[in-house]
Ligand SMILES: [Cu+2]
């Protein structure tokens, strides 16, 4: 009983917090999915209650009959009972088939409506590449100077249709932002697509929805939906190379980063660091989290992550590098300055 209350409280809390919930739709598709969910919920809930009431009645009747210890029924009564039972079974079978058919039609038509979103206009295309256990995002554009590659957090303008082009670098992952749409698997050597659109501003959490190994649970990302002008400003800022260090301490931090093996896996545009095995860090300081939603992005957490990433996210593909204590502070400051 205690557990049940706990579960209910958790459910109420998550609904109130409105974070990552398929029942708090922010776009047309998740709206339809939520509508379908409630339709199923009410219909099946009503059926459940009716079945329970019938069962209760039967149980009570059976009880009464047993108590009264009735004599055996005569032949005629047994026959009328059989015809009645027959018609009850027939009617309930037909009703069941009809209801199942209605549910089938409802879910197929919602699936079709959801797939049709991209039919009008030219969408913005974002390529998503799933990696164990982080997300790479690229805004594709015919103009190469407008192509932006980033990680674990993207912004989109509200009201605009976005085409998600999913791929995977290793195993099967699944792109899922419950507030915006259903799941779409990311499959190695294949491209899968889904359209999304956010109709109101907000920060929507996404989560890998296909088990992909040890750190599957720590493979989250954020979609920040904002008005067009704010989005444009963000995009322009992200397209810039990393800001040059403004103080000697930051310059020292940059130098430290470039001196360690970090550069083999991470890119910071505008510097010689150009590795691609890990997330692009050009604007790392502007992101909300470290390591795909694992930790809030604070200097303290970043220090912990750099010194021992394996204790925070065991098994992840970042190497543990013995950064000298004196080198660490400027490096943290520098990375956090990359807004
Ligand atoms: Cu996964």
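Where a number appears in this text, it was derived from the coordinates with a stated rule and is not lab data. Predicted model only: the values in this text are computed from it and were never measured. All Cβ positions, even for glycine, are placed from backbone atoms using ideal geometry, and neighbour counts span all protein chains on display.
Per-structure values
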| quantity | calculated |
| --- | --- |
| Scan of segment 196-233 for residues that are under 21 Å from residue 161 (Cβ atoms) and buried (at least 21 other Cβ atoms within 10 Å of the Cβ), ordered by number | 196, 197, 198, 204, 206, 221, 223, 225 |
| Residues being touching a helix residue (DSSP H, G or I) at 6+ places or on another chain (Cβ under 7 Å) and either part of a loop (DSSP other than H, G, I, E, B) or closer than 21 Å to residue 259 by Cβ (or both) - total across segment 308-320 | 4 |
| Tally of residues being touching a residue at least 24 places away in the same chain (Cβ under 8 Å) and either surrounded by fewer than 19 Cβ atoms within 10 Å (Cβ to Cβ) or more than 16 Å from the ligand (Cβ to nearest atom) (or both) across segment 129-172 | 24 |
| Of residues in segment 204-214 being more than 12 Å from residue 171 (Cβ to Cβ) and in contact (Cβ under 8 Å) with a residue 60 or more places away in the chain, the one farthest from the ligand (Cβ to nearest atom) | 204 |
| Qualifying positions in segment 112-128 - in a loop (DSSP other than H, G, I, E, B) and without any contact (Cβ under 8 Å) to a residue 60 or more places away in the chain | 120, 121, 122 |
| Cross-chain or 6+ apart pairs with Cβ under 7 Å, segment 254-278 first and at positive phi, then outside any helix (DSSP H, G or I) | 270/241; 270/242 |
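Here's the yes/no breakdown for (1) surrounded by 17 or more Cβ atoms within 10 Å (Cβ to Cβ); (2) in a helix (DSSP H, G or I):
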{"residue": "258", "(1), (2)": "no, yes"}
{"residue": "277", "(1), (2)": "no, no"}
{"residue": "285", "(1), (2)": "yes, yes"}
{"residue": "339", "(1), (2)": "no, no"}
